[in-house]
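Read-outs throughout are calculated quantities, based only on the coordinates presented, and are distinct from any laboratory measurement. Note that this is a predicted model, so its numbers are computed, not measured. Using ideal geometry, Cβ is built from the backbone for each residue, glycine included, and neighbour counts are taken over all protein chains shown.
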Amino acid sequence: MPQRPNRPGEEPPASVSSPQHSSDTSDAVPTVESGAIPAATAHRLGLYLRELQHFQRAGIATIKSSALGHRLGLSDSQIRRDLALFGEFGKRGVGYEVAGLVDALRKALGTDGTWNTILVGLGNLGSALVRYRGFQQQGFVLRAVFESDPTKIGTEVNGIPVFSIDALEEKIPQLNARLAVLAVPAEPAPALARRLSDAGISGILNFAPVSLPVQKELAIVDVDLAVELQRLAFAVANSDRSG
């Protein structure tokens with residue numbers, strides 16, 4: 001007999017187990033790298049993972065989509081659609097298993113292991129980023145910092161060695177680094193991005209206030225704090241006009 005569809009607000013049925021408990025989990029869970037997850041969905045999955053880890057640290061074993069949606073300002077249906085990528089989790093009326101979802105999301109986002117990461121630039125922003133504990137907590141191991149200021153080269157910051165920017169090509173293969181955080185001014189950023197790519201870096205988190213040249217097999221995520229403040233100002237101004 002066919003099952004009836006879930007009513008709005010209901011959790012997925014309990015009869016189907018989560019993919020990480022199946023006999024073949026390596027192929028069951030879609031990943032960002034495989035292209036099975038759209039970029040916008042991947043962004044939301046990262047938010048889900050962050051909140052679920054908060055719940056996990058608080059000792060909460062199950063969570064309903066309504067509670068997760070309330071924390072993030074998203075609808076129950078949006079969350080259920082996103083999580084349906086991994087099969088049907090949870091029990092009707094009880095919710096989703098937090099630990100199981102954390103494991104599945106980490107695998108999907110590629111953070112179930114560790115990523116050797118470097119930081120380029122040790123100015124005010126770079127100095128703050130090198131002390132950010134969230135990188136390590138999410139599996140991003142900051143192995144080295146690269147800087148052009150001779151007074152900083154050869155020192156350590158938060159236990160992480162600082163090398164000359166001239167040593168990028170030598171050190172990146174030695175560190176087996178795949179990811180780089182670029183925290184430099186706009187002018188040197190494009191050339192540094194090309195050097196990072198040529199040295200073996202596969203992805204750059206770009207804090208420089210400039211668009212980097214698109215290169216084959218190089219993933220780039222831009223974080224321009226001024227642009228984000230512009231978006232925030234627009235949202236506030238729009239709210240004022242509508243109010």
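Annotation: amide H-H contacts under 5 Å for T62 (H modelled 1.01 Å from N, sequence separation of 5 or more, or interchain): V98. Rounded to whole numbers, the Karplus 3J(HN,Hα) couplings from phi for the stretch 57-72 are 5, 7, x, 8, 8, 9, 8, 8, 4, 5, 5, 5, x, 4, 5, 10 Hz, using 6.51 cos²θ - 1.76 cosθ + 1.60 with θ = phi - 60°, and x at Gly and Pro.
Taking amide H as placed 1.01 Å from N in the peptide plane, the amide H of S202 sits under 5 Å from that of L179, each at least 5 places away or on another chain. A simple spin-label model places pseudo-atoms 7 Å from Cα toward Cβ; at N124 and T111 they are separated by 2.7 nm. Using the Cβ of S197 as centre and a radius below 10 Å, the other residues enclosed give a net charge of +1, where K and R count +1 and D and E count -1.
Residue separation of A199 and E170 scaled by 0.36 nm, minus their Cα-Cα distance, works out to 9.6 nm of gained length. Between the amide H of F146 and those of L119, V120, G121, F163, distances stay under 5 Å, these residues lying 5 or more places away or on another chain, with hydrogens modeled in the peptide plane. Inter-label distance, R241 to V227: 2.2 nm, where each label sits 7 Å from its Cα along the C-beta direction.
Karplus-derived 3J(HN,Hα) values for the stretch 117-125, using 6.51 cos²θ - 1.76 cosθ + 1.60 with θ = phi - 60°, are 10, 10, 10, 10, x, 10, x, 4, 5 Hz; glycine and proline are entered as x.
Working note: Karplus 6.51/-1.76/1.60 with θ = phi - 60° gives the stretch 176-189 the couplings 6, 8, 10, 10, 9, 9, 9, 10, 10, x, 4, 4, x, 4 Hz, where Gly and Pro are set to x.
Here the calculated FRET efficiency for S66 and A42, from their Cβ-Cβ distance with R0 = 22 Å, stands at 0.45, rounded to the nearest 0.05. Binning the C-alpha pair distances of the stretch 115-228 at 5 Å intervals from 0 yields a P(r) profile of 2, 12, 25, 27, 22, 10, 2, 0 %, listed from the shortest bin outward.
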